[in-house]
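Okay, structure first, notes after.
The values are calculated or read from the model by the stated rules, or taken from the named source; none is laboratory data. Source: prediction; values computed, not measured. Positions of Cβ are backbone-derived with ideal geometry, glycine not excepted, and every protein chain shown enters the neighbour counts. For the accessible areas, the whole protein counts, side chains as well, though only heavy atoms, and no ligand, DNA or RNA atoms are used. Shrake-Rupley method; radii C 1.70, N 1.55, O 1.52, S 1.80 Å.
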Amino acid sequence: MLVFIDESGDPGLDTKRGASKFFTVALVVFEENEEALACDQRIQLLKKELRWEEGDEFHFKRNSDKTRKAFLEAVAPYNFFYYGIVFDKDPKKLSSDIFKNKRSFYSYACGLLFESAKNRLLNTSVIVDRSGGTEFRSELTRYLRKKMNEDGKTPIIKNVKMQSSQSNNLLQLADYIAGVIGREAKDEKKFAQEYKKLVSHREMEVQRFPK
């Protein structure tokens, strides 16, 4: 079983000074390695169809609406599923001290996300984008490795790997899912519902916090 994780936005609470209004984490799961490989190959083929240069990568925030739709349509037939969590960072809603420290915020977000997904995970290899946010990456890795041998039972997490999203198409998929979830939270954003509709059949659970 393979899991790919990425985030959208940041955990900063001072939205008046440039922090994002929402912070989103997405977890994309492939139960079969063969299906992951097939999806990876389809994403690579799409790059050729778009006449992209070697090394170009899909990135939800930077891509055009046309490219976003092409990507989501390409991956939709493949057998993956996803979980997500979105934090609305209105200071009145996130008043706990947990959210005032980035490390505790990240840990709390990871805990909620993996708690919702744990019944579907077993001996899972988790792939994290090494080029993502440094603090998020280090806290996520710390959290996951703590879970690897918890209670001495068969581990939910088998190992944690760092890879570059530029060379890993399925990390680019996780980036896109995080982008779709985050875009839907911003009700005023263009095409939010169109993007969501393309992959909604792959959604297991997306939590909104606070509820």
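A simple count of charges around Glu34, restricted to other residues whose Cβ falls under 14 Å of its Cβ and scoring Lys, Arg +1 and Asp, Glu -1, yields -3. Computed from backbone phi with θ = phi - 60° and the Karplus coefficients 6.51, -1.76 and 1.60, the 3J(HN,Hα) list for region 194-207 is 5, 4, 4, 4, 5, 10, 4, 6, 9, 7, 9, 7, 10, 8 Hz; x is used for glycine and proline. Distance from the Cα centre of region 86-145 to that of region 1-35, in angstrom? For region 86-145 versus region 1-35, the Cα centre distance is 9 Å. For the chain, the 222 nm mean residue ellipticity estimated from helices alone, with every DSSP H stretch of n ≥ 4 adding -39500 (n - 2.57) and the total spread over all residues, rounds to -13000 deg cm²/dmol. For region 50-66, backbone phi angles converted through the Karplus equation (6.51, -1.76, 1.60; θ = phi - 60°) give residue-by-residue couplings of 8, 6, 7, 7, 4, x, 5, 10, 6, 9, 3, 5, 8, 6, 6, 4, 4 Hz, Gly and Pro being listed as x. Normalised by the number of residues in region 36-120, the average gap of Cα pairs under 8 Å and 6 or more apart makes the relative contact order 29 percent. Which percent of the accessible heavy-atom area of the chain goes to carbon and sulfur, probe 1.4 angstrom? That fraction is 45 percent. Assuming a ≥ b ≥ c are the square roots of the Cα gyration tensor eigenvalues, decide whether region 7-125 counts as rounded (a/c under 1.5), prolate (otherwise, with a/b larger than b/c) or oblate. Verdict is oblate for region 7-125. For the chain, what does the alpha-carbon gyration tensor say about shape, rounded, prolate or oblate, given a ≥ b ≥ c as the root eigenvalues, a/c under 1.5 as rounded, and a/b over b/c as prolate? Because a/c hits 1.5 or more and a/b fails to exceed b/c, the chain counts as oblate.
Of the options Thr124, Gln207, Ser64, report the single residue whose Cα projects farthest towards the positive end of the charge dipole of the chain (beta-carbon charges: Lys, Arg +1; Asp, Glu -1). Most positive-ward Cα: Gln207. Net charge of the neighbourhood of Leu72, taken over other residues with C-beta under 13 Å away and scored Lys/Arg +1, Asp/Glu -1, is +2. Electrostatic tally near Lys21: other residues with Cβ closer than 9 Å to its Cβ, Lys and Arg +1, Asp and Glu -1, net 0. Please work out whether region 1-62 counts as rounded, prolate or oblate from its C-alpha gyration tensor, where a ≥ b ≥ c are the square roots of the eigenvalues and a/c under 1.5 means rounded, while otherwise a/b larger than b/c means prolate and anything else oblate? Since a/c reaches 1.5 but b/c is at least a/b, the shape of region 1-62 is classed as oblate.
A 1.4 Å probe run over the protein chains yields, for the chain, 52 Å² of accessible area per residue, whole-number rounding.
Over the chain, Cα pairs under 8 Å with separation of 6+ residues give a relative contact order of 33 percent.
Applied to region 101-112, the Karplus parametrisation 6.51 cos²θ - 1.76 cosθ + 1.60 on θ = phi - 60° returns per-residue 3J(HN,Hα) values of 10, 4, 5, 5, 5, 4, 4, 5, 4, 4, x, 5 Hz, with x for Gly and Pro.
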